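Data block below; observations after.
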Amino acid sequence: MNMKIKGKVIKFGNNIDTDVILPGKYLILVDPYELAKHALESLDPAFPEKAKKGVILVGGKNFGCGSSREQAPLALKYTGVKCVLAESFARIFFRNAINIGLPVIECKGISDAVETGDELSVDFEAGKIENISRGKSFQANKLPPLILEILSDGGLIENLRRRINKK
Amino acid sequence: MNITEKILAKASGKKTVHPREIVDANVDMVMVHDLTGPLAVEAFKKIGVQKVWDNQKVVVILDHQVPAESVKAAELHKTMRQFAKDQKLRIYDVGRGGICHQVMPEKGHVVPGTVIVGADSHTCTYGAFGAFATGIGSTEAAAVFATGKIWLKVPEAIKVNVTGQFQKYVTPKDLILSIIGRMGVDGAIYKSAEFTGPTIKSMSMAGRMTLCNMAVEMGAKNGIVEPDETTRKFLEGRTSKALPNFESLKSDKDAVYERTMQFDVSSMEPQVACPSSVDNVKPVSEVGNVPIEQAFIGSCTNGRIEDLRLAAQVLKGERVKDTVRTLVIPASQEVYRQALNEGLMEIFTDAGAMVCGSACGPCLGGHIGLLAAGEVCVSTSNRNFIGRMGSTQASVYLASPATVAASAVTGKITDPRKLEAKA
């Protein structure tokens, strides 16, 4: 996986829960592209269309709280979300996102410092976020080496396959 | 060390562990259900190992879309049955189990002092038995299938010390709602919530399970209670596994906590979590006039026999209001059978409530009892998020089985103590 990305922001508030990211009634869908059609539809029915070209999602506190459904980060990833930045994450969502190869970084102050439409560049290894539109940069919480390794392999399954084959 | 640290140290082969340390823990039990299992199976097949690491330690429970309400759900169930057959796993199919978090302890898969992970956020329920239990996603469950291990960050712990005796019709559900109301939905994020104090010591396993079940609703990684004689009694005859010495599962006197919170339940009144956040908690007297269209008694939070007895106590000799549809869902086949034996089903049906088969039901808005736009449901379940139980324009209020039953009778959110006073 590319450890540096650029993209435009779509911003949401605090406590974006996984029922809002992907309602329970869609959990019987298996195809991730089908899931993606419903990502965040209860907050913004046009979100899947807006995210199509690749966006950086910015959230407030406790992003991804609630259910352990991995279909929530999957739906975001297949909608076109390149990464999620938030003040804090619910822990299961955080792990799920990393495990399916969707980068997530905690960055204090990010939700006040960016607006929807801003262009950001994110360096996952350095934990550096630059708001190109406003000429400001931030230092996020650096991801531990264990997580960076999973991300650079593209997810936990790819990481595990590589480790098992190495043995 | 506190109890969570002791369990994680043992599971990772260490003498001591410290908060924020990352450990590689051996897993004692992993559970998946019908909505998280299929993705785990798909991921497992990609890893390239043929067999799960230990087929005695993987449990499959069908409970969310049960019985299958659509061809798609039927296909998911078929996938899980085939996987269980191929891997020789214990599977609890339709009519043989019930809600995963009730079935796991009932069937003896939860042992104090062990590490249990489950592809469901309410896996933290098993902390009630003094196990370290936490929710994971499907891919992570697949990795556990293959390796039997998981990396975990040792959580900082919050001690929740509870004193006092509950008033009649005030329950552990009211306590946990009150705790979440004070902590906030991200108040315990990444942390361990350890429930302790005289009120917890005298609490039933059902009550402890309700507390630990909702620990995740304040962001906690796990909820936990020290195991004792109440725990031992529950497990007797349910598990063939040797129980550890409970003395080794007590938090040390010098154990470190990030903070300690005190709660006295003596003067606590029934609590209600109003839409659309679990921390939007008010005492029932401050909720105001809220007419309801649906009342739901069940779920992994409050579908146990103790909960049904409480609801039946309120509903006995009453009729639910004409404008309200009331759903009662026992958490497991065992609870269902017990409720039948005790005559509770008669009380529910006489009252005009519909009793459904043991499953997750309307809690997650995937199966039965969904809500239309503008409708209001008062529920004993655990989440009231926008769209949780159906339409995004519906509202969900969370309360105890007593409050939900009383509300079903009057047609609006009601203090169960007031209903009794009237009668």
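Tabulated results
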quantity	calculated
Search result, residues across region B:345-356 that are part of a loop (DSSP other than H, G, I, E, B) and farther than 13 Å from residue B:331 by Cβ	B:352
Condition check for residue B:72: of a type in the set (Lys, Arg) and facing chain A (nearest Cβ under 10 Å)	yes
Complete set of residues in region A:118-167 that are in a loop (DSSP other than H, G, I, E, B) and within 13 Å of chain B (Cβ to nearest Cβ)	A:141, A:143, A:144, A:154, A:155, A:167
Test set (1) away from every other protein chain (no Cβ under 12 Å); (2) assigned to a helix (DSSP H, G or I); (3) surrounded by fewer than 24 Cβ atoms within 10 Å (Cβ to Cβ) - residue B:175 fails condition number	(3)
Members of region A:82-114 found to be in a strand (DSSP E or B), more than 18 Å from residue A:51 (Cα to Cα) and more than 9 Å from every other protein chain (Cβ to nearest Cβ), listed by number	A:105, A:106
Exclusive hit being touching a residue at least 12 places away in the same chain (Cβ under 8 Å), among the hydrophobic types (A, V, I, L, M, F, W, C), part of a loop (DSSP other than H, G, I, E, B) and closer than 22 Å to residue B:104 by Cβ, set B:339, B:373, B:359	B:359
Region A:23-66, residues that are more than 14 Å from chain B (Cβ to nearest Cβ), in a loop (DSSP other than H, G, I, E, B) and either touching a strand residue (DSSP E or B) at 6+ places or on another chain (Cβ under 6 Å) or at pLDDT 95 or above (or both)	A:37, A:46, A:54
Candidate set from region B:275-319 (those that are within 19 Å of residue B:362 (Cα to Cα) and within 14 Å of chain A (Cβ to nearest Cβ)); member that is surrounded by the fewest Cβ atoms within 10 Å (Cβ to Cβ)	B:275
Residue in region A:54-73 that is out of contact with any Pro (no Cβ under 7 Å at 6 or more places or on another chain) and among the basic types (Lys, Arg) present	yes
Counted residues, region B:32-59 - those being more than 9 Å from chain A (Cβ to nearest Cβ), not in a loop (DSSP other than H, G, I, E, B) and not small (Gly, Ala, Ser)	6
All positions within region A:1-20 that are within 14 Å of another protein chain (Cβ to nearest Cβ) and in contact with a strand residue (DSSP E or B) (Cβ under 9 Å, 6 or more places away or on another chain)	A:12, A:13, A:14, A:15, A:16, A:17, A:18
Flag if residue B:66 is at pLDDT 95 or above and within 30 Å of residue B:249 (Cα to Cα)	no
Residues being of a type in the set (S, T, N, Q), within 15 Å of the chain's Cα centre (by Cα) and away from chain A (no Cβ under 14 Å) - total across region B:122-170	0
Residue list for region A:114-152, filter: loosely packed, with under 15 Cβ neighbours inside 10 Å and farther than 30 Å from residue A:163 by Cα	A:115, A:116, A:117, A:132, A:133, A:134, A:135, A:136, A:137, A:139
Pick from region A:67-81, criterion away from every other protein chain (no Cβ under 11 Å) and not in a helix (DSSP H, G or I), ranking: surrounded by the most Cβ atoms within 10 Å (Cβ to Cβ)	A:81
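The values are calculated or read from the model by the stated rules, or taken from the named source; none is laboratory data. Just so you know, these numbers come straight off a predicted model, no measurement behind them. Neighbour counts run over all protein chains shown; Cβ positions are idealised from the backbone, glycine included.
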